[in-house]
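The values are calculated or read from the model by the stated rules, or taken from the named source; none is laboratory data. All of these numbers come straight from a predicted model, not from anything done at the bench. Using ideal geometry, Cβ is built from the backbone for each residue, glycine included, and neighbour counts are taken over all protein chains shown. We work out accessible area using only protein heavy atoms, side chains counted, and drop any ligands, DNA or RNA first. Shrake-Rupley method; radii C 1.70, N 1.55, O 1.52, S 1.80 Å.
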Amino acid sequence: MSWWGGGNTSLLSRTNAQIRFYYSNSGGGRVSNITVNNSYMTGLVGATWTHRSGYGTALGGMNTKYSVTGTWFIGLDILGFPIGASFDSTIESPTITINL
């Protein structure tokens, strides 16, 4: 699952979330029990993203929303020693409809 916007570092990036969910075909299709296993950024990103946690919310039918929490690192890694700044951030998706 992905959506445009990488939080505080770039609007020209995509937030990608690796999810699992349960799908039931009854009643026209419905998703439930969503888990977010990982998240990462693609596109023009000005920092390094480390996934910490995430969750998905079923909104009825095939509509869902996601939230991922991680740490941004802006700087350099020299011989395993980070030099720069890091901050925690939570990025929320708009409503997304899952298409099977």
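The amide H of Arg52, built 1.01 Å from its N in the peptide plane, has Thr69, Gly70, Thr71 as neighbours under 5 Å, considering only residues 5 or more places off or on other chains. With Cβ to Cβ distances under 13 Å as the rule, what net charge do the other residues near Ile91 carry (K, R +1; D, E -1)? Result for the neighbourhood of Ile91: +1. Evaluating 6.51 cos²θ - 1.76 cosθ + 1.60 at θ = phi - 60° for every residue in the stretch 41-47, the Karplus couplings come out as 10, 9, x, 8, 10, x, 7 Hz, glycine and proline recorded as x.
Taking amide H positions as modeled 1.01 Å from N, with prolines and chain starts lacking one, the residues under 5 Å from Gly5 and 5 or more places away or on another chain are Ser13, Arg14, Thr15. With a/c under 1.5 counting as rounded, go ahead and sort the stretch 33-100 into rounded, prolate or oblate using the C-alpha gyration tensor (a ≥ b ≥ c being the square roots of the eigenvalues; past the cut-off, prolate if a/b is larger than b/c, else oblate). Prolate, since a/c reaches 1.5 and a/b exceeds b/c.
For the chain, the relative contact order is 21 percent, taking Cα pairs closer than 8 Å that sit 6 or more residues apart in sequence and dividing their mean separation by the residue count. Taking Trp72, Trp4 and ordering them by how much accessible surface each has at a 1.4 Å probe, largest first, produces Trp4, Trp72.
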